[in-house]
Amino acid sequence: MPTNGTLGQNLNAPSIEVSNAQFAYGSRPLFDGLNLVLEAGRWTCVLGPSGVGKSSLLRMIAGLLSGGNDTAVRCGDGSATAGRVAYMAQRDFLLPWLNVVGNATLGARLRGEAVDLDRANALLQAAGVGEAANAMPDELSGGMRQRVALVRTLMEDRPIVLMDEPFSALDAITRLRLQDLAVRLLAKRTVLLVTHDPLEALRLGDRIFVMNGSPAGLGSPLEPAGRPPREAGAPDVLSGQARLLRELAEGGK
Amino acid sequence: MSSKQRFATPIIALVIFALLWEFLVWINDWPNYVMASPSDLGPAFYKFRWLFLEFGWDTLWRTVAGLMLAIAFGVVVGMIMGFSRTMREALYPLLVGFNAIPKATVVPVVALLLVGQHNLNTVLLAFMISFFPITVSISIGLSTLEPEYRDILLSLGASRLTIFRKIALPKTLPEFFGALKVAVTLAFIGTNLMEIVEPHGRGLGHLFDSGKISADYPLMFAVLIALAVMGIGLYYVVVILEKIFAGWAERQES
């Protein structure tokens, strides 16, 4: 199996600093004056209930949503985030008229660049969908489709990866497998994972923030022991779940 | 289903239909000036074969021209409505209202406005009756494109124009072809409305009208059958185009 060294080419993953993030949905402020640091080359998880503004925060960092006047998103190495961010959503959004390889290499196709087929095939192999390279999306299971979406994200070889509940539509076992796969393939990148699943955050996160309240704020981070992906039954994961659920519940009052 | 069966099934259905029709006329002992039977159609076709060819061509090209116009108009207006909520809210009542008007009442208006322009008038009527489903399908297809699609594609470095051209438009193709199948048959109605209500000596509608004047019921029914056959033919042209351009949307038979 190819190592990450051959698949990830230019990985000088920077840290990201979000300061004074501000966003209102209509007249209702979702968050205001929110600060968040994503440490370089590590997984940061933001855990929160639906509608709290997690996705908006993530889209703001991705540059898909503009914040308030004082809002700033900076990379730790001083350069801009533009062109260095990959984005992955809850649904795979594969194009139904392209086969697996076509979808995996969609970025290059849309930009009119040469397609690196060797790299695509190596990544598909690493993601466990190498056999399905010529299949159409509607011939695949939900888990396989999301693997292809993960490969599409990795093909971009961006040092920063933002993921918006990418595994929440999958069944429990498939979800665990894809979490392991993501940790392996996204090693050394700066990752932000937004989720509403405490177990997922605890398995994957180097640092876990709970996002709560209205307007929403971030608590102090939880930093579980051990390297991701952690075992679902590890002591820190189990005790962490109790704490995270309590924090989530407190914010809901 | 094998390809032999796929062809045989509709043909058997047609034969059964013709037999039932023949039987109905025979059992009621209807004379030819009340109701024609399938066995009268052959002689009628043969007797007027050159007229059928000539007028059938008139009707066909006018219908296709009207459809082309409807597609061009429907795609442009559907795009405007698909992207702008304001335009959607502004144009929907107008379109629905216009579509609700019986097109037979539009015939004299058009015929007076563009007096003597029979070809143009007929094409216009085919257009007017068939653009609505196309417009609605494009508008719905575009306005229901998930915003996350746009997010993902923007983050892949695609320009908005590329997203529109390579993603948004292809994604509306299944809806578009669904609407086109409806529009094809509607367009024939439009063409014949003009040819029958405002007779000008061209098209199958005119042949129908002359059948009526001379109480030649077999001829009238033969015209109807010819129209049905042309409608079916054009419908399958759309089906083939759909297979080529939107075959990916077809569910696997399992």
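Here, each number is a calculation from the coordinates, and none is a lab measurement. Note that the coordinates shown come from a computational prediction; the quantities given were computed from them, not determined experimentally. Heads up, the Cβs are rebuilt from the backbone with ideal geometry, glycines too, and the neighbour counts pull from every protein chain shown.
Take each peptide in B:15-21, A:86-92, B:199-205, A:227-233, count the other Cβ atoms within 10 Å of every residue, and average; sorted highest first, the result is A:86-92, B:199-205, A:227-233, B:15-21. When only alpha carbons of the stretch B:194-242 are considered, Rg and Dmax amount to 13.1, 42 Å.
How large is the helix-only mean residue ellipticity at 222 nm for chain B, computed as the sum of -39500 (n - 2.57) over DSSP H runs with n ≥ 4, divided by its residue count, in deg cm²/dmol to the nearest 500?
-27000 deg cm²/dmol
Tally Lys and Arg at +1 and Asp and Glu at -1 over the other residues with C-beta under 12 Å from the C-beta of B:Gly82: what net charge comes out? Taking every Cβ under 12 Å from that of B:Gly82, the sum is +2. Given a Förster distance of 25 Å, report the FRET efficiency between B:Trp30 and B:Trp57 from their Cβ-Cβ distance, rounded to the nearest 0.05. Efficiency for this residue pair is about 0.20. Shown is the FRET efficiency for B:Tyr235 and A:Ala169, computed with R0 = 51 Å from the Cβ-Cβ distance and rounded to the nearest 0.05: 0.85. Between B:Leu114 and B:Lys212, full extension at 0.36 nm per residue minus the direct alpha carbon distance yields a gain of 32.6 nm.
Volume of the convex hull of the stretch A:131-186 (Cα atoms only), normalised per residue: 92 Å³.
Pairs to check: B:Lys212/B:Lys243; A:Lys54/B:Lys243; B:Lys103/B:Lys181; B:Lys4/B:Lys243; B:Lys47/B:Lys181. Give those whose C-alpha atoms are more than 30 Å from each other in this structure. Don't jump to the answer; show the numbers that get you there.
Details: B:Lys212/B:Lys243 40 Å; A:Lys54/B:Lys243 42 Å; B:Lys103/B:Lys181 19 Å; B:Lys4/B:Lys243 19 Å; B:Lys47/B:Lys181 32 Å.
Exceeds cut-off: B:Lys212/B:Lys243; A:Lys54/B:Lys243; B:Lys47/B:Lys181.
Computed over chain A, relative contact order equals 27 percent, with contacts defined as Cα pairs under 8 Å that lie 6+ residues apart.
Counting Cβ atoms of other protein chains within 10 Å of each residue's Cβ and taking the mean over peptide A:88-100 gives 4.
Remark on chain A: Rg and Dmax equal 17.9, 53 Å (Cα only). Output the DSSP H helices from chain B with an along-axis C-alpha extent of no less than 24 Å and a mean Kyte-Doolittle hydropathy no less than 1.6. Those that pass (Cα extent of 24 Å or more, hydropathy at least 1.6) are B:217-246. Take each residue of peptide B:144-155, count the partner chain Cβ atoms within 10 Å of its Cβ, and average: the result is 6. The shape of the stretch A:97-157 can be summarised by an equivalent ellipsoid whose semi-axes, obtained from the alpha carbon gyration tensor, come to 17, 12, 10 Å from longest to shortest.
One quarter of the convex hull surface built on the alpha carbon atoms of chain B amounts to 17.9 nm², the projected area averaged over directions.
Think of the protein assembly as shown as having a plus end and a minus end, set by charges on the Cβ of Lys, Arg, Asp and Glu; of B:Val77, B:His200, A:Val210, A:Val210 sits farthest toward the positive end of this dipole. In a reduced charge model with +1 at each Lys and Arg Cβ and -1 at each Asp and Glu Cβ, the protein assembly as shown shows a dipole moment near 640 debye about its Cα centre.
Note on the stretch A:142-253: the C-alpha convex hull projects to 7.3 nm² when averaged across all orientations. Sketch the reach of a paramagnetic label on A:Asp138 as a point 7 Å from Cα along Cα-to-Cβ, and name the residues of the stretch B:159-180 whose backbone nitrogen lies under 19 Å away. Counting only backbone N, you get B:167-180. Dividing the mean sequence gap of close Cα pairs (under 8 Å, 6+ apart) by how many residues chain B holds gives a relative contact order of 27 percent. Per q in 0.19, 0.24, 0.27 Å⁻¹, report the Debye log10 I(q)/I(0) for the stretch B:129-192, using one uniform scatterer on each alpha carbon and no solvent. Values returned for q = 0.19, 0.24, 0.27 Å⁻¹ are -0.71, -0.92, -1.05. Cβ-Cβ distance of A:Glu17 and B:Ile12, R₀ of 60 Å, FRET efficiency by 1/(1 + (r/R0)^6): the value works out to about 0.25. Counting, for every residue in A:105-112, the Cβ atoms of other protein chains within 10 Å of its Cβ and taking the mean gives 5. Cα convex hull, the stretch B:170-216: 76 Å³ per residue, rounded to a whole number. What you get for chain A, charging only the Cβ of Lys and Arg (+1) and of Asp and Glu (-1), is a dipole of about 100 debye around the Cα centre.
Among complete DSSP H helices in chain A, those whose alpha-carbon atoms stretch at least 15 Å along the helix's long axis and whose mean Kyte-Doolittle hydropathy reaches -0.5 are A:142-155, A:172-185, A:235-251. Put simply, the amide H of A:Ala216, placed in the peptide plane, has neighbours under 5 Å in A:Phe31, A:Asp32, leaving out anything fewer than 5 places away on its chain.
Assign unit charges at the C-beta atoms only (+1 for Lys and Arg, -1 for Asp and Glu), then state the dipole size of the stretch B:40-249 relative to its Cα centre in Debye, rounded to the nearest 20.
Using only the charged Cβ atoms, the result is roughly 420 debye.
In whole percents, the pair-distance distribution calculated for the protein assembly as shown from its alpha-carbon pairs, binned every 10 Å from zero, is 4, 15, 20, 18, 13, 11, 10, 7, 3, 0.
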